[in-house]
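Before we start, here is the structure in question, set down as structure tokens.
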Amino acid sequence: MIKKYAKASELPGLIFTFVWAFDLEQNHAYIRHHTDLFVSRGADVCYVELEAQVTKRLELNKSPNRLRDKPTKQDIAGSEQELLDSMKRYRLSSEPGEVTHEHYLRLDNTNQNPEQTARMIQWHFDL
């Protein structure tokens, strides 16, 4: 789906989110594929790894925006269980030095609201 929109888009930029299981090679391949897709069209690609404490992640999981924009989140109990299970099953944070992409930011946004986090990302990448 991203490929379809990337080909047709005249947008100045695109943000997409992905829960990256760093212990799965297919997740690394997925990210490389999409990075190459955009870079081959002349785009700059920035990686932002957001980290937050479990309590913050559970809070964000039931925020009005998530509930409105992501149908899978509307079953709050099931969505929360999936989040907790995935945190047990996969390594969801990179190891130091693991992400070598030129434009990369690792940011703990536990104590930030979405607007503050967005401003920090904009500032870091001079967007």
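Throughout, read-outs are computed from the coordinates displayed, never taken from laboratory work. Predicted, not measured: the structure shown is a model, and the values here were computed from it. For neighbour counting, all protein chains shown are included, and Cβ atoms are generated from backbone atoms with ideal geometry for every residue, glycine included.
Based solely on C-alpha atoms, express the radius of gyration and the Dmax of the chain in angstrom.
Both quantities, over Cα of the chain: 15.5, 42 Å.
Write down, largest first, the equivalent ellipsoid semi-axes of segment 21-80 in whole Å, where each equals the square root of 5 times an eigenvalue of the alpha-carbon gyration tensor.
So the three semi-axes of segment 21-80 are 29, 15, 12 Å.
I want to check the label-to-label distance for THR72 and ASN113. Put each point 7 Å from Cα in the C-beta direction and report it in nm to one decimal.
For the pair THR72/ASN113, the computed spacing is 2.8 nm.
Hey, another quick one. Once phi is turned into θ = phi - 60°, what whole-Hz ³J(HN,Hα) does the Karplus curve with 6.51, -1.76 and 1.60 give for every residue of segment 99-108, x standing for Gly and Pro?
Each residue of segment 99-108 in turn: 8, 10, 4, 4, 9, 9, 9, 10, 9, 8 Hz.
To test your reading of the geometry: what angle, between 0 and 90 degrees and rounded to tens, separates the Cα axis of helix 114-125 from the longest principal axis of the chain?
30 degrees
Mind checking the dipole of segment 19-125: about its Cα centre, +1 per Lys or Arg Cβ, -1 per Asp or Glu Cβ, Debye to the nearest 20?
So the dipole magnitude of segment 19-125 works out to roughly 340 debye.
On a 0 to 90 degree scale, rounded to 10, what angle separates helix 25-39 from the longest Cα axis of the chain?
40 degrees
Could you list which residues have their amide H under 5 Å from that of GLU49, counting only those 5 or more apart in sequence or on another chain, with H placed in the peptide plane?
Long-range HN contacts for GLU49: LEU105, ARG106, LEU107.
What value, in deg cm²/dmol to 500, does the helix sum -39500 (n - 2.57) over DSSP H runs of n ≥ 4 give at 222 nm once divided by the residues of the chain?
One gets -14500 deg cm²/dmol as the mean residue ellipticity at 222 nm.
Further question: Pairing the Cα long axis of helix 76-89 with the longest principal axis of the chain, what angle in degrees results, from 0 to 90 and rounded to the nearest 10?
That works out to roughly 70 degrees.
Same structure again: So which chymotrypsin sites (Phe, Trp or Tyr not before Pro) in segment 29-127 end up in coil per DSSP with only 16 or fewer other C-beta atoms within 10 Å?
Counting only loop positions with at most 16 other Cβ atoms within 10 Å, the chymotrypsin sites (Phe, Trp or Tyr not before Pro) in segment 29-127 are TYR90.
Expressed in nm to one decimal, what extension gain is obtained for the pair GLU102 and TRP123 from 0.36 nm per residue of sequence separation less their Cα-Cα distance?
6.0 nm
Under 25 °C and 0.890 mPa s, how fast does segment 58-111 diffuse according to Stokes-Einstein, given a Kirkwood radius computed over C-alpha pairs? Answer in µm²/s, whole number.
Roughly 184 µm²/s, to the nearest whole number.
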